[in-house]
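Student: Okay, here's the structure, questions in a sec.
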Amino acid sequence: MMRKKIVAGNWKMNNDLAQTETLLSEIKTQWNKEPQARVIVAPAFTNLYSAFKALRETPIEVAAQNMHQSDSGAFTGEISAAMLKSIGVNTVILGHSERRSHFGETDAVLAEKVETAMKNEMEVIFCVGEELEDRQQGNEFDVIKAQLEKGLFNIKKESWGNVIIAYEPVWAIGTGETASPEQAQDMHAFIRKTVAGSFGEEIADSVSILYGGSVKPGNAKEIFAKEDVDGGLIGGASLKAEDFMAIVQAI
Ligand code: 13P
């Protein structure tokens, strides 16, 4: 079982062009020890191409935070898979809870986006996560299972090489509150079991499952130490080179 370790920074709607260039050059400067993980950053759309150019000679990869499900057409304000690929971006985050809650992205829409990504041979970081209320009512496993089955599981077996799953409990995002390492491990093991149930053990064993939600330099190590946690999707702490690199080195 050789799953890839991954640390990805989701910059959300932060950093203009100059700030993007500064942060990336700081990350490059602090890149000392070769990390035992793939490292990915996801700047805003307007800064993806400059990020791609800045990182092209480095092992650091660039991902988009979203994309549209259609190939092209009358979708004002949207970005297609082909547009991303044309600037060297082959990875996209889909189903982030902020996309689901603020922009009405449903499981059905996400299934279409995933299908489009697979058709274009893009890699997807597919996010799932329960709300606080779900957990208080003891429904967290059912919620995650439904998000996986409806949004992600329509893909073909062959496509799993292009899938990364991120578990991001909504109550832990930007709140300073993390899932405990045990809560993360329990859910990651459940996600892996759910993948195995539909696609078999081999695929389940090889898919990387990242934890996201208030990961910081101070808590990354104990979360990453859990068997089924293969890395992190980092929000706030990915905006400071020092913190992000400390988390990368915690792997
Ligand atoms: P924070 O690390 O700021 O809690 O955000 C997590 C997240 O949403 C990453 O996608």
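Student: Looking at (1) buried (at least 22 other Cβ atoms within 10 Å of the Cβ); (2) aliphatic (A, V, I, L, M); (3) more than 15 Å from residue 183 (Cα to Cα), find the lone condition where residue 128 falls short.
Tutor: (3)
Student: Continuing with the same structure: Exactly one condition in (1) more than 29 Å from residue 15 (Cβ to Cβ); (2) without any contact (Cβ under 8 Å) to a residue 40 or more places away in the chain; (3) surrounded by fewer than 19 Cβ atoms within 10 Å (Cβ to Cβ) is false for residue 204; which is it?
Tutor: Going through (1) more than 29 Å from residue 15 (Cβ to Cβ); (2) without any contact (Cβ under 8 Å) to a residue 40 or more places away in the chain; (3) surrounded by fewer than 19 Cβ atoms within 10 Å (Cβ to Cβ) one by one, residue 204 breaks only (3).
Student: In the list 81, 63, which residue meets the criterion of being out of contact with any Gly (no Cβ under 6 Å at 6 or more places or on another chain) and under 22 Å from residue 167 (Cα atoms)?
Tutor: The unique qualifying residue is 63.
Student: Only one of 54, 42, 18 is of a type in the set (A, V, I, L, M, F, W, C) and within 16 Å of the chain's Cα centre (by Cα); which?
Tutor: On the way: 54 fails: within 16 Å of the chain's Cα centre (by Cα); 18 fails: within 16 Å of the chain's Cα centre (by Cα).
Among 54, 42, 18, only 42 is of a type in the set (A, V, I, L, M, F, W, C) and within 16 Å of the chain's Cα centre (by Cα).
Student: Conditions first: (1) acidic (Asp, Glu); (2) more than 20 Å from residue 210 (Cβ to Cβ); (3) not in a loop (DSSP other than H, G, I, E, B). Residue 149 passes all but one, so which condition is the exception?
Tutor: Only one criterion in (1) acidic (Asp, Glu); (2) more than 20 Å from residue 210 (Cβ to Cβ); (3) not in a loop (DSSP other than H, G, I, E, B) is unmet by residue 149, namely (2).
Student: When the residues of the stretch 224-250 are filtered to those that are more than 16 Å from the chain's Cα centre (by Cα) and over 20 Å from residue 24 (Cβ atoms), which remaining residue is surrounded by the fewest Cβ atoms within 10 Å (Cβ to Cβ)?
Tutor: Here is the first cut: in the stretch 224-250, the ones more than 16 Å from the chain's Cα centre (by Cα) are 225-227, 240-243, 245-246, 249-250.
Restricting the remaining residues to those that are over 20 Å from residue 24 (Cβ atoms) gives 225-227, 250.
Values: 225: 12, 226: 18, 227: 9, 250: 22.
Looking at the filtered set, the residue picked out is 227.
Student: If you don't mind, there's one more thing I want to ask. Here are 147, 136: which of them is buried (at least 18 other Cβ atoms within 10 Å of the Cβ), more than 19 Å from residue 64 (Cα to Cα) and polar (S, T, N, Q)? Break it down into steps so the answer makes sense when it comes.
Tutor: On the way: 136 fails: buried (at least 18 other Cβ atoms within 10 Å of the Cβ).
Only one candidate qualifies: 147.
Student: Within the stretch 189-237, count every residue that is small (Gly, Ala, Ser), within 16 Å of the ligand (Cβ to nearest atom) and assigned to a helix (DSSP H, G or I).
Tutor: First, the residues of the stretch 189-237 that are small (Gly, Ala, Ser): 189, 196-198, 200, 204, 206, 208, 212-214, 218, 220, 225, 231-232, 235-237.
Imposing the further condition that a residue be within 16 Å of the ligand (Cβ to nearest atom) reduces the set to 208, 212-214, 218, 220, 231-232, 235-237.
Retained after the next criterion (residues that are assigned to a helix (DSSP H, G or I)): 218, 220, 236-237.
Looking only at that region, the number is 4.
Student: Those residues that are touching a Lys or Arg at 6+ places or on another chain (Cβ under 6 Å) and among the aliphatic types (A, V, I, L, M), I need them from the stretch 85-126; list them, please.
Tutor: Our first condition is that a residue be touching a Lys or Arg at 6+ places or on another chain (Cβ under 6 Å); within the stretch 85-126, this holds for 94, 105, 107.
The one that is touching a Lys or Arg at 6+ places or on another chain (Cβ under 6 Å) and among the aliphatic types (A, V, I, L, M): 94.
Student: Yes or no: residue 215 more than 11 Å from residue 9 (Cα to Cα), of a type in the set (Val, Ile, Thr), in contact with a helix residue (DSSP H, G or I) (Cβ under 7 Å, 6 or more places away or on another chain) and buried (at least 17 other Cβ atoms within 10 Å of the Cβ)? Let's see the steps before the verdict.
Tutor: Numbers: more than 11 Å from residue 9 (Cα to Cα): no; of a type in the set (Val, Ile, Thr): yes; in contact with a helix residue (DSSP H, G or I) (Cβ under 7 Å, 6 or more places away or on another chain): yes; buried (at least 17 other Cβ atoms within 10 Å of the Cβ): yes.
Criteria not met by residue 215.
Student: Taking the options 130, 121, 177, name whichever one is touching an Asp or Glu at 6+ places or on another chain (Cβ under 7 Å) and part of a loop (DSSP other than H, G, I, E, B).
Tutor: Working: 121 fails: touching an Asp or Glu at 6+ places or on another chain (Cβ under 7 Å); 177 fails: touching an Asp or Glu at 6+ places or on another chain (Cβ under 7 Å).
From the options 130, 121, 177, the qualifying one is 130.
Student: Residues to consider are 193, 216, 226, 240; find the one that is of a type in the set (Lys, Arg) and either closer than 24 Å to residue 111 by Cα or modelled with pLDDT under 95 (or both).
Tutor: On the way: 216 fails: either closer than 24 Å to residue 111 by Cα or modelled with pLDDT under 95 (or both); 226 fails: either closer than 24 Å to residue 111 by Cα or modelled with pLDDT under 95 (or both); 240 fails: either closer than 24 Å to residue 111 by Cα or modelled with pLDDT under 95 (or both).
Result of the check over 193, 216, 226, 240: 193.
Student: Report, by residue number, each residue of the stretch 164-187 that is away from the ligand (no atom under 13 Å from the Cβ) and either surrounded by fewer than 22 Cβ atoms within 10 Å (Cβ to Cβ) or more than 18 Å from the chain's Cα centre (by Cα) (or both).
Tutor: 180, 181, 182, 183, 185, 186
Student: Considering every residue within the stretch 140-154, establish whether at least one is within 16 Å of the ligand (Cβ to nearest atom) and touching a residue at least 60 places away in the same chain (Cβ under 8 Å).
Tutor: Within the stretch 140-154, not a single residue is within 16 Å of the ligand (Cβ to nearest atom) and touching a residue at least 60 places away in the same chain (Cβ under 8 Å).
Student: If residue 138 meets every condition in (1) under 18 Å from the mean Cα position of the chain (by Cα); (2) outside any helix (DSSP H, G or I) apart from one, which number is that one?
Tutor: Condition (1) is where residue 138 drops out.
The values are calculated or read from the model by the stated rules, or taken from the named source; none is laboratory data. Every value quoted in this text rests on a predicted model; they were computed, and no experiment measured them. We place every Cβ from the backbone using ideal geometry, glycine too, and count neighbours over all the protein chains shown.
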